[in-house]
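The values are calculated or read from the model by the stated rules, or taken from the named source; none is laboratory data. Given the structure is predicted, the values throughout are model-derived calculations rather than measurements. Glycine also receives a Cβ, built like all others from the backbone with ideal geometry; neighbour counts cover every protein chain displayed.
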Amino acid sequence: MTDLTDEAIAKRVQEGDTESFGVLMQRYEPKLIRYARKFLIHAEDAEDQVQSVFLKAYTNIHSFDASRHFSSWLYRIAHNEFINYIAKRQRQPFSFFDSDTVFPHLFAKETADSGVREEEIRNSLDACLGKLDAKYREVLVLYFYEELSYAEIADVLRIPTSTVGVRLARAKAAVRKLYAKE
Amino acid sequence: MSEEEKKSISQNVLEQINSGQIKPTSRAYFVFRVGVFTVAMVVLVLLVIYTSSLVFFGLRSSGAWFAPGFGLSATRSALLIVPWVLVGCVVAAVVVLELLVKRFGFAYRRPAIYSVAGIALLVVVVGYAVALTPLHRSLYRQVHNGAKPPFWGGLYKNFDAGPGHALHAGFVNDLAKESFLLNAREGADFLVYITPTTQLPRERAVREGDFVLVFGSVDRGSIRAAGVRFAPDEMHGFGKRHPRHRMQP
């Protein structure tokens, strides 16, 4: 079972093997808890949210298309659950319209010192995450902690790949600014 | 929360699954939902194309389509003829289609401007092509010949309002050097003055019996024409008067 891909295990669950869902949960529980804790700052019940994510994933397992990535599908459910949580509990309504997603963007090419800068940002993230807007916080969490690619983040958030780049660039700049102040 | 408690998330979920408290929603439900979504998309696309073609048909049959370039008053009249409610419906439907299409990766992975432009282009190009087919003309005739029109036949009655203050379609009569009598299709006759600034058709000189579009405001029964052009065939047979029969000797 351990050498099977997520998608193959999800297919088994779809065929009625409920125990296989436990394997998927074992694989994703630490990741989703980390995602919840970093994204839902000050959420005491982050674990409850993760449990809701797994319950929703199981309930909707037949809507998963096994030809696509299971991780993107699960993170998408988590994203929706967490966004609802933020909207309900923290009274921060999420805007349905985001001008960043309308027009094409050019994002800066990686430079030689990009790696160093990213390391610097990674080290200062924990101190700054709570001070960032949710839309910038989430993209940083998915990129730096969950190590998703731009395309995967685009699939989770359902935004253009170029917008992921723009949000990350802005989020990194905000982190640098915040870190410099402290 | 302790390590032990953290592990209990998967145990809790598995317990709920095994006890039957939660069950997966059936595959049939998702198939049905996809089916409903697909049918809704197709119906919406067909409706928006029909509506956009009706807008084009209305503009062309009223002559408003040909007004730009024939002076400010003609353009202003054309703008008054534009069925703005239908245009608003088309725009709203494009927005709804964009929201529906955003569910698909090919749409959300690119900036919204591309999918909006794609949908708008489809609606305009296909709508214009449909407007050139006999579809609307035959529905219009059904409505005006007293045959029982489809329930949305009322839409075609709006074209009876006439071509507006500065757009007049009709047949040329009593042609003189600097004027002619226009038997306008809305039922009135206008004396049309041709001045040195009047834009005349380039194809050939205007002759008696020609079906033309005259651009210019009516002043006490006469029109100082800003422009005259031959009306396209599709404009025949619209309005209260049917000049083809009237012109027969």
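Data overview
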read-out	value
Hits in the stretch B:102-121 - residues which are of a type in the set (A, V, I, L, M) and without any contact (Cβ under 8 Å) to a residue 24 or more places away in the chain	B:Ala107, B:Ala112, B:Ile113, B:Val116, B:Ala117, B:Leu121
Matching residues, the stretch B:56-80, being farther than 18 Å from B:Gly127 by Cα and either surrounded by fewer than 23 Cβ atoms within 10 Å (Cβ to Cβ) or modelled with pLDDT under 80 (or both)	B:Pro68, B:Gly69, B:Gly71, B:Leu72, B:Ser73, B:Thr75, B:Arg76, B:Leu79, B:Leu80
Positions within the stretch A:7-17 being within 10 Å of another protein chain (Cβ to nearest Cβ) and either free of Cβ contacts under 8 Å to residues at least 12 places away in the same chain or surrounded by 19 or more Cβ atoms within 10 Å (Cβ to Cβ) (or both), in sequence order	A:Val13, A:Gly16
Helices (runs of 4 or more DSSP H) lying entirely in the stretch B:1-119 (those with 3 or more residues that are within 14 Å of another protein chain (Cβ to nearest Cβ) and among the hydrophobic types (A, V, I, L, M, F, W, C))	B:3-18, B:27-62, B:84-101
First in the stretch A:33-62 and more than 9 Å from every other protein chain (Cβ to nearest Cβ), second anywhere and surrounded by fewer than 17 Cβ atoms within 10 Å (Cβ to Cβ) and assigned to a helix (DSSP H, G or I), Cβ under 7 Å, 6 or more apart	A:Ile41/A:Gly130
Enumerated strands (runs of 3 or more DSSP E) restricted to the stretch B:123-228, each holding at least 2 residues that are touching a Leu at 6+ places or on another chain (Cβ under 7 Å) and modelled with pLDDT under 90	B:167-173
Top-ranked residue of the stretch A:31-56 - restricted to ones that are in contact with a Phe, Trp or Tyr (Cβ under 8 Å, 6 or more places away or on another chain) and small (Gly, Ala, Ser), ranked as modelled with the highest pLDDT	A:Ala36
